[in-house]
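Worksheet for the structure shown next.
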Amino acid sequence: MKTLNVNGDIVEFDGDEDTPLLWALREQLGLTGTKYGCGIAQCGACTIHVDGEAVRSCVYPVSAIEGEEITTIEGLSKDGSHPVQQAWAELDVPQCGYCQTGMIMAVSALLKENPKATDSDIDEAITNICRCGTFARVRKGIHLAKTKL
Amino acid sequence: MNQKHVTNEMNTKPSNLSRRGFIIGASSAGAGLSIGVLAACKPNDSSSGKLAQKTIDYSNFPPNPEVNAWVHIHHDNTVTVRIARSEMGQGTSTGLAQLVAEELGCDWDSVKIEFPTPGENLARERVWRDFSTGGSQGLRGSQQYVREGGAAARMMLVEAAANEWGVPIEECMVSNGIISHKKSQQETTFGAVADAASKLAPPLDVTLKKQEDWTIIGQAKKRLDTAEKLTGALKYASDIVMPGMKLASIKACPILGGTLKSYDESIPMGMAGVQKVLKIGEAVVVVADTWWQAHSALEATPIEWDGGEYAQYSTNDIEALLDEGLGAKKTFTGNKGGDVAKALATADTTLESIYNFGAQNHAPMEPMNATALWTEDKCEVWCPTQNGESALAAASTAAGLPIEQCEVYKTLLGGGFGRRGMPDYVVQVVSIAKAMPGVPIKLQWSREEDMIQGFFHPVTKAKLKGGLDKDGKLTALDFKISGQSILAALMPQALIQGMDVATFQGLLPSGLDPRVEDQTLKYTFPNFHIHHAMRNPPVRPGFWRGVNLNQNAVYLECFLDEMAHKAGRDPLDFRLEMLKDNPKMAAVLKTAADKAGWGSNDGKFRGLANIYGFGSYVAACAEVSVSDDGKLTMHKITAATDCGHAANPQQIEAQVEGSFVYGLSAMLYGEITYKDGQPEQTNFHNFDSMRIADMPEVETIIMPSGGFWGGVGEPTIAVAAPAVLNAIFTATGKRVRHLPIKDQNLRA
């Protein structure tokens, strides 16, 4: 039994602690906003925050959690009002949308750490894959979100 | 009138909620889980003072019947537009809703969308016509009948109001979902007359609005499906949860044509949560309480494959096959004119080049998956398919049940790009579900499975020979494609005397057949021969965004660039000279070049490409630089597109940008190679895809010349790579003819 702090809720996880956080979140906790894309930390669709830092949850076993605060897209804001979500809505960033929850989590972690992120900061920090190819609007969205922080 | 309408309905029993209208109705397993989309931007409380006063609680009312197949108007004036095509990110559902809403005359803010099921379509004699979503056909292939559907609904609503008021139909006006009659100073809402309208006979003659009267088509409307994509609320097929559901992971034989020899189920059966281990075709499947358990157990299962005929097959074998084709005498002719042999023999200068375009995986971000529930008399499937009807047919066959006893519920797709037109994963999930009657089964492919079991972009090479006269004009072009036919593998019945016409996408003669008029060559060449030596390796080909336009544009546009440079001529002028007969094509090319600063000397290097594809005229001008050590920077691509009518400019812009990412990912990184009969690429670490750092600025110029409906999702993908490759040549003097460019030093 592992106690997890997810989106401010204390929850018990009674599965195998080798389970990647991604699957614990999706299957045991029903938080399906965090997506499976590759399982090898390449694509970033599974990005969540662990103590505020962006983490690719598909390779992060439950056992590695020791009381940290876990935030998923469902906990980023109650109502889609986080500045990044607002900017995304304003610019119609998503296409299929499947990677966008991970993208938003990666971007929100970046802007928390670096509210003045430049284009080169973005290039360095945001390495999520989007096969629809939303990158042009993602970049615009990040700059717009900066104005809403 | 409104009052009467209300009174009549207040005594009737409460409604059931629309089956389709809800995201994951958490119903019992047997009742069938309905997936749909709720996408109203905001509820429509009419802005008319008179109507706005009526605040009525409609919750106990029976729902209005649909006005017609395309339009369902609710008491509160929200309008549900039915969308037959699949939504995979391309925005077609918003575009189609715009077409219907335009003719309907409703308030755009009251519009939401839903997807009728393939089973309903079948039961209603295909009232929604084609569900298949590909070939950039969403809008252009259905614009006429969906607009007519919207117009017919408006006419019926007006007739209902006119009947109610006893006034002539012609005197009634429609604006933003409100019908008014000026003389009698009456007005009502669509919602109030929808029930009466539904009982009227549909009009026989429908006249569509003139373009100049459009207020919704052509507007940069926001997508209807964005909000839920930002919060994790949107349920993709892979997110479906049903009571009692079990999860499946699958591993099919990775070797071309190979079979499953044996597997030891004792190991997975001893692992936590595992319910069943089974063989489906040439695949091993583990079913467990969670997917992670199923997948872990599958990974632990010892499996032996029988490689068979292609056990040693490799990319070298594909190369040899294609190289032999390049030298073949016997070919299929796609297009020809003049006497190319003579023109080459008499040319002042000649040039010959060989290009390739490799196999590509679609790799949509959501790996293949589907959920099925099978019982003796019913089979239901929830899946992200690009072709609901073929998914239904596949489900019926796999289920061993008549099609009327099967149903497919489409979800939004986490990317498609052509991959999800194939129903292989539907067959698999139904086969598993049939082995576990009454248990909902969700089959989720791993990324590795998705990468290995692809239907890859066809692999081809091309040999091009060109001739110039002493004035530097192109006098001869022999363009021979060697390689794979998609149709030969997937739709052999579509071959014409063995020839795959689709191979010549973008290269066909005009006037051949109306069905391929959107794939025609727009250059005028004096002496030319475009032909295909069909060589089919045992790799599964598929329709991959842009399809055969991708390689054809690289081959033609890079080689013409070579010829221009060989002639010592400006590549823009060289092309424009051969586009004199096609002003629309010339216009987009010239616009892209001009806007990109073609000819300027600013340290950036430019390259051009243009092509006509999927019914649209597109061109691009890329600006790049290449560092001394060979590193490519793509600064900007200026793209011009004439798609005739531009239904939603901001979505066109998104599609152009996105298509560039897909096309450039293939150019930079994408390649499926084979060793020992199986793909060497298994995940994104060795089948890489562009990241934001690679992304050039994109300026999209939409030049809708009107009078036709061209595609949007695919055409521009084809010009990205050749424009960049031509710009690389300008920068380095080195011609890249082998793709992808990832392992090549652009300076060496």
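Looking at (1) touching a helix residue (DSSP H, G or I) at 6+ places or on another chain (Cβ under 7 Å); (2) surrounded by fewer than 24 Cβ atoms within 10 Å (Cβ to Cβ), which is the one condition that is false for B:Val408? Going through (1) touching a helix residue (DSSP H, G or I) at 6+ places or on another chain (Cβ under 7 Å); (2) surrounded by fewer than 24 Cβ atoms within 10 Å (Cβ to Cβ) one by one, B:Val408 breaks only (2). Quick check on B:Asp195: is it of a type outside the set (A, V, I, L, M), touching a Pro at 6+ places or on another chain (Cβ under 9 Å), surrounded by 15 or more Cβ atoms within 10 Å (Cβ to Cβ) and in the same structural domain as B:Val81 (by TED's automatic domain parsing)? Taking the combined requirement at face value, the residue satisfies it.
Within the range B:701-733, work out how many residues are assigned to a loop (DSSP other than H, G, I, E, B) and touching a residue at least 40 places away in the same chain (Cβ under 8 Å). Can you show your working first?
Initially, the range B:701-733 is screened for residues assigned to a loop (DSSP other than H, G, I, E, B), giving B:703-708, B:710-716, B:733.
Pick out the ones that are also touching a residue at least 40 places away in the same chain (Cβ under 8 Å) and you get B:703-708, B:710-716.
The number of residues fulfilling the criteria is 13.
Exactly one residue out of B:Glu164, B:Glu170, B:Glu148 is surrounded by fewer than 17 Cβ atoms within 10 Å (Cβ to Cβ) and assigned to a helix (DSSP H, G or I), and it is B:Glu170. Among the residues of the range B:646-679, those identified as of a type outside the set (Ser, Thr, Tyr), away from chain A (no Cβ under 13 Å) and touching a Phe, Trp or Tyr at 6+ places or on another chain (Cβ under 7 Å) are B:Ile672, B:Gly677.
Here is a yes/no grid of residues against (1) closer than 30 Å to B:Met242 by Cβ; (2) of a type in the set (Val, Ile, Thr):
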position	(1), (2)
B:Ala297	yes, no
B:Thr301	yes, yes
B:Ser314	no, no
B:Thr331	no, yes
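The residues of the range B:278-311 that are within 22 Å of B:Ala398 (Cβ to Cβ) and of a type in the set (A, V, I, L, M, F, W, C), listed by number, are B:Leu278, B:Ile280, B:Ala283, B:Val284, B:Val285, B:Val286, B:Val287, B:Ala288, B:Trp291, B:Ala294, B:Leu298. Scanning the range B:348-381 for residues that are of a type in the set (A, V, I, L, M) and away from every other protein chain (no Cβ under 14 Å) yields B:Leu351, B:Ile354, B:Ala359, B:Ala370, B:Ala372, B:Leu373, B:Val381. Of all residues in the range B:228-245, none satisfies the criterion of being in contact (Cβ under 8 Å) with a residue 12 or more places away in the chain and more than 30 Å from B:Val439 (Cα to Cα). All of B:Val698, B:Val736 fail the test of being buried (at least 18 other Cβ atoms within 10 Å of the Cβ) and in a strand (DSSP E or B), apart from B:Val698. Restricted to the range B:222-233, and to residues there that are part of a loop (DSSP other than H, G, I, E, B) and over 20 Å from the mean Cα position of the chain (by Cα), the residue that is farthest from the other protein chains (Cβ to nearest Cβ) is B:Ala233.
Applying the criterion of being part of a strand (DSSP E or B) and surrounded by fewer than 16 Cβ atoms within 10 Å (Cβ to Cβ) to the residues of the range B:241-277, the residue that is nearest to the chain's Cα centre (by Cα) is B:Thr259.
So which residues in the range A:67-98 are polar (S, T, N, Q) and touching a residue at least 24 places away in the same chain (Cβ under 8 Å), if there are any at all? Once the filter is applied, which keeps residues that are polar (S, T, N, Q) and touching a residue at least 24 places away in the same chain (Cβ under 8 Å), the range A:67-98 yields A:Thr71, A:Thr72, A:Gln86, A:Gln95. The listed residues are B:Pro514, B:Pro509, B:Pro541, and the only one of them that is out of contact with any Gly (no Cβ under 7 Å at 6 or more places or on another chain) and crowded, with 21+ Cβ neighbours inside 10 Å turns out to be B:Pro541.
The values are calculated or read from the model by the stated rules, or taken from the named source; none is laboratory data. For clarity, every value in this text was computed on a predicted model and none was experimentally measured. In this analysis, Cβ positions are derived from the backbone assuming ideal geometry, glycine residues included, and neighbour counts consider all displayed protein chains.
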